[in-house]
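Notes to accompany the following structure.
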Amino acid sequence: MRISIIEMQDVLEKLFLKYKFNDKQAKTLAEVFTENTLCGVNSHGINRVPLFVEYIEKGLIQTDQVAKKVESFGSIERWDGQHGAGILNAVKCTNRAIELAKLNGMGLVALRNTNHWMRGGFYGHQAADAGCIAILFTNTQPNMPPWGGKESRIGNNPFIIAIPRNEGAIVLDMALSQFSFGKINEYKLKGENLPYPGGWNDNNELTNIPEEILPNERGLPIGYWKGSALSIILDMLATLLSAGDSTFKIGEKPYETGVSQVFLCIYPEVFNDKELQDKLLNEIIAYTQSSAPINPNDKIYYPGERSAAIKKENTKLGIPVNDAVWKNVLALLQK
């Protein structure tokens, strides 16, 4: 089924008001969940709403708390999320990193004690729309084995790089697992296997069957040992900069909460050569896309181009939503 943007935002805003968020917060939450779904990332959009509500009901997300600054070191700040909604905390900290960047050329906000921010690319676009380059990342609960290990000890730690451009922002948004667990669950909902192996089964064999990966949460790192190492490094940086919890500490809890995140923004307009910057970016894109595709029907995309096309299509036709997920969300509103 397809849902209009207005209908989804309206239903979600009413739902979040029901769970005691104020008007502005409910509107922001509804807009972010809708935007994520509009861009085709249902796994971190509408599909995630029931779990978000479950976390509120369990007291893991504090609806009356938002991130606050606890330490300042010039263009670097530490904030405490106070276990508030991850989306609201991430929007606030991204805005603060943008402010610091426009004051100093660069700005960094390290955040601790927050919750899942859903789709990290949203905040990349937020920064790019404000004219800033952004480098953002978060740690997670342990859901991948370090390379060569059996038990999960590292997180799939999403990593985002966004670059503003006149013709449309370039936004890399990726988990460090071959597939995020939200995406794996999305394939499960559709009754499909993954196109490539995404984790290990109970026999320590790589598999593309979602039902064999989801129960034990043993995702496959991107680039095998390289992705494993990158996950460890990002966890170290997020933990050290925020003085927050590491993947190790998060894994000791019964639920994924209290994660650590980093929001780094750079304001490229300090160089006063915006026209040159766009020219250089467009040269790189044109050169990359000049490679003949192996499959003549395929196209080579720059990071973020595919999701921009999906957003344009869904804006016109309506947002595709799993029937059972939408019924579940409506049931939460009537509960």
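Please tell me the relative contact order of region 132-187 in percent, rounded to the nearest whole number, where contacts are Cα pairs under 8 Å and at least six residues apart.
Values: 88 pairs, mean separation 16.4, N = 56.
This gives 29 percent for region 132-187.
Between the C-alpha center of region 167-241 and that of region 4-56 there is a gap of 24 Å.
Using C-alpha pairs under 8 Å with a sequence gap of at least 6, the mean separation divided by the residue count of the chain gives a relative contact order of 21 percent.
Enter the accessible area per residue of region 118-264 (Å², integer; probe 1.4 Å; all protein chains in place). If you can, show how the numbers build up before the last one.
Working: 6300 Å² over 147 residues.
With all protein chains present, region 118-264 gives 43 Å² per residue.
Counted by Cβ distance under 15 Å from GLN277, the other residues give a net charge of -3, where Lys and Arg count +1 and Asp and Glu count -1.
Any chance you could tell me what percent of the C-alpha pair distances in the chain go past 29 Å? Provide the component values of the computation, followed by the final result.
On the way: 22116 of 55945 pairs.
The answer is 40 percent, as a whole percent.
Local charge for TYR301 was computed over the other residues whose Cβ lies under 15 Å away, with Lys and Arg +1 and Asp and Glu -1, and equals 0.
Note down the relative contact order for region 184-260 as a percent, whole number, built from C-alpha pairs under 8 angstrom at least six residues apart. Answer for region 184-260 is 18 percent.
What order do you get for 16-23, 274-281, 323-330 when each peptide is scored by the mean count of other beta carbon atoms within 10 Å, highest first?
Top of the packing list down: 16-23, 323-330, 274-281.
Which whole-Hz couplings ³J(HN,Hα) result when phi for each residue of region 47-58 is put into the Karplus expression 6.51 cos²θ - 1.76 cosθ + 1.60, θ = phi - 60°, listed in order with x for Gly and Pro? After applying 6.51 cos²θ - 1.76 cosθ + 1.60, I find 5, 8, 4, x, 5, 4, 5, 4, 5, 5, 5, 7 Hz. If you take the Cα centroid of region 127-145 and the Cα centroid of region 265-324, the two points sit 18 Å apart. Pairs exceeding 31 Å between alpha-carbon atoms, taken from LYS150/LYS335; LYS69/LYS335; LYS183/LYS249: LYS150/LYS335; LYS69/LYS335.
So what's the back-of-envelope 222 nm ellipticity for the chain, counting only DSSP H runs of four-plus at -39500 (n - 2.57) apiece and dividing by all residues, rounded to 500?
Numbers: 12 runs with 145 residues, N = 335.
Taken over the chain, the calculation gives -13500 deg cm²/dmol.
Do the alpha carbons of any pairs in LYS24/LYS279; LYS92/LYS299; LYS27/LYS312; LYS24/LYS327 sit beyond 32 Å of each other, and which pairs? If you can, show how the numbers build up before the last one.
Numbers: LYS24/LYS279 39 Å; LYS92/LYS299 36 Å; LYS27/LYS312 22 Å; LYS24/LYS327 25 Å.
Those over the limit are LYS24/LYS279; LYS92/LYS299.
The value given for region 43-83 is a Kirkwood hydrodynamic radius of 12.1 Å, derived from the mean inverse Cα-Cα separation. Per-residue 3J(HN,Hα) values for region 129-137, derived from phi via the Karplus relation 6.51 cos²θ - 1.76 cosθ + 1.60 with θ = phi - 60°, read 5, 8, x, 10, 6, 10, 10, 10, 7 Hz in sequence order (x marks Gly and Pro).
Does region 164-278 classify as rounded, prolate or oblate by the C-alpha gyration tensor (a ≥ b ≥ c root eigenvalues; a/c under 1.5 gives rounded; else a/b over b/c gives prolate, otherwise oblate)? Display every interim value, and only then the final one.
On the way: a/c = 2.56, a/b = 1.52, b/c = 1.68.
Note, shape of region 164-278 comes out oblate.
Per residue, how large is the accessible surface of region 46-98? Use a 1.4 angstrom probe and give square angstrom. Mind dumping the intermediate values first?
Details: 2080 Å² over 53 residues.
Result: 39 Å² per residue.
Taking one quarter of the surface of the C-alpha convex hull of region 256-335 gives a mean projected area of 11.2 nm².
Work out the length of the dipole vector of region 227-320 about its Cα centre, built from +1 on the beta-carbon of each Lys and Arg and -1 on the beta-carbon of each Asp and Glu, and round it to the nearest 20 debye.
Working: 9 positive and 12 negative charges, 66 e Å.
Its charge dipole is roughly 320 debye.
Quick check: at a probe of 1.4 Å, how many percent of the accessible area of the chain sits on carbon and sulfur atoms? On the chain, the fraction of accessible area on carbon and sulfur atoms equals 55 percent. Here the chain is assigned +1 on the Cβ of each Lys and Arg and -1 on the Cβ of each Asp and Glu. Its dipole about the Cα centre then comes out at about 460 debye. Residue-wise HN-Hα couplings along region 282-290, as the Karplus relation 6.51 cos²θ - 1.76 cosθ + 1.60 with θ = phi - 60° gives them from phi, are 5, 5, 5, 5, 4, 5, 4, 7, 7 Hz; Gly and Pro carry x. Which Cys in the chain stand alone, with every other cysteine's Cβ at 4.7 Å or more from theirs? Cys with no partner Cβ under 4.7 Å: CYS39, CYS93.
The values are calculated or read from the model by the stated rules, or taken from the named source; none is laboratory data. The model shown is predicted, which means the values in this text are computed figures rather than measured ones. All Cβ positions, glycine included, derive from the backbone under ideal geometry; neighbour counts span all protein chains shown. All accessible areas refer to the heavy atoms of the entire protein, side chains included, with ligands and DNA or RNA removed. Shrake-Rupley method; radii C 1.70, N 1.55, O 1.52, S 1.80 Å.
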